[in-house]
Amino acid sequence: MAWFVVHTKTGQEEKIKDFLDSQKGLTESSISQIIVPTEEVAEIIRGKRRTKLQRFLPGYILVDMGNDEETHHLVRSASGVLGILGGKFSPAPLSEEEAEKILKLIE
């Protein structure tokens, strides 16, 4: 298992996440975790402070999945997915350091 960055159509991140969640058991090495990177943002509207969740990487989701062609094909074939970053034919996973850095930002 390794973390990959999946490029999606902006605004369809949650839809794609839900679809991939429903497909988790279809491949042998499968998908273990899917994250839509969001952060809480405070804003003041009409004098009242409110917090909302905002995507800080719009158009991208993080997927912890097996590094095999079957899983890559499942993810790439989802409606709204534009590709997996790192290469057209053989996507490259994030390094451990990159993955940890992004996951710390999400928390």
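The values are calculated or read from the model by the stated rules, or taken from the named source; none is laboratory data. Because the structure is a prediction, the values reported are computed rather than measured. Here the Cβ is made from the backbone with ideal geometry for all residues, glycine too, and neighbour counts use every protein chain on show. Calculation scope for accessible area: heavy atoms of the full protein, side chains included, ligands and nucleic acids excluded. Shrake-Rupley method; radii C 1.70, N 1.55, O 1.52, S 1.80 Å.
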Worksheet item: So GLU70 clears everything in (1) free of Cβ contacts under 8 Å to residues at least 60 places away in the same chain; (2) under 14 Å from the mean Cα position of the chain (by Cα) except one condition, right? Which one?
Response: (2)
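Out of region 52-64, which residues are modelled with pLDDT under 90 and touching a strand residue (DSSP E or B) at 6+ places or on another chain (Cβ under 7 Å)?
Selection gives LYS52, LEU53, GLN54, ARG55, PHE56.
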Worksheet item: Only one residue in VAL75, VAL63 is surrounded by 14 or more Cβ atoms within 10 Å (Cβ to Cβ), under 12 Å from the mean Cα position of the chain (by Cα) and part of a helix (DSSP H, G or I), so which one is that?
Response: VAL75
Worksheet item: Taking the condition in a helix (DSSP H, G or I), more than 17 Å from LEU94 (Cβ to Cβ) and open to solvent by 50 Å² or more (accessible area, probe 1.4 Å), does GLU39 pass?
Response: no
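Quick one: would you say ARG55 is under 15 Å from the mean Cα position of the chain (by Cα) and open to solvent by 50 Å² or more (accessible area, probe 1.4 Å)?
Yes: the conditions hold for ARG55.
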Worksheet item: Identify, please: which residue in region 1-27 is modelled with pLDDT under 90 and more than 22 Å from GLY87 (Cβ to Cβ) and is, among those, surrounded by the most Cβ atoms within 10 Å (Cβ to Cβ)?
Response: GLN23
Fill in: Check on ILE45, at pLDDT 90 or above and of a type in the set (A, V, I, L, M, F, W, C)
no
Worksheet entry | Tally, over region 81-97, of residues that are open to solvent by 40 Å² or more (accessible area, probe 1.4 Å) and of a type in the set (Gly, Ala, Ser) | 4
Discussion item. For region 19-30, check the following and say yes or no: at least one residue is of a type outside the set (Gly, Ala, Ser), in contact with an Asp or Glu (Cβ under 9 Å, 6 or more places away or on another chain) and part of a strand (DSSP E or B).
Written reply: no
Worksheet entry | Only listed residue being in contact with a strand residue (DSSP E or B) (Cβ under 8 Å, 6 or more places away or on another chain) and not basic (Lys, Arg), chosen from GLY11, GLY83 | GLY83
Item to complete: Return the total of residues in region 73-107 being in contact (Cβ under 8 Å) with a residue 12 or more places away in the chain and on the phi > 0 side of the Ramachandran plot.
Response: 3
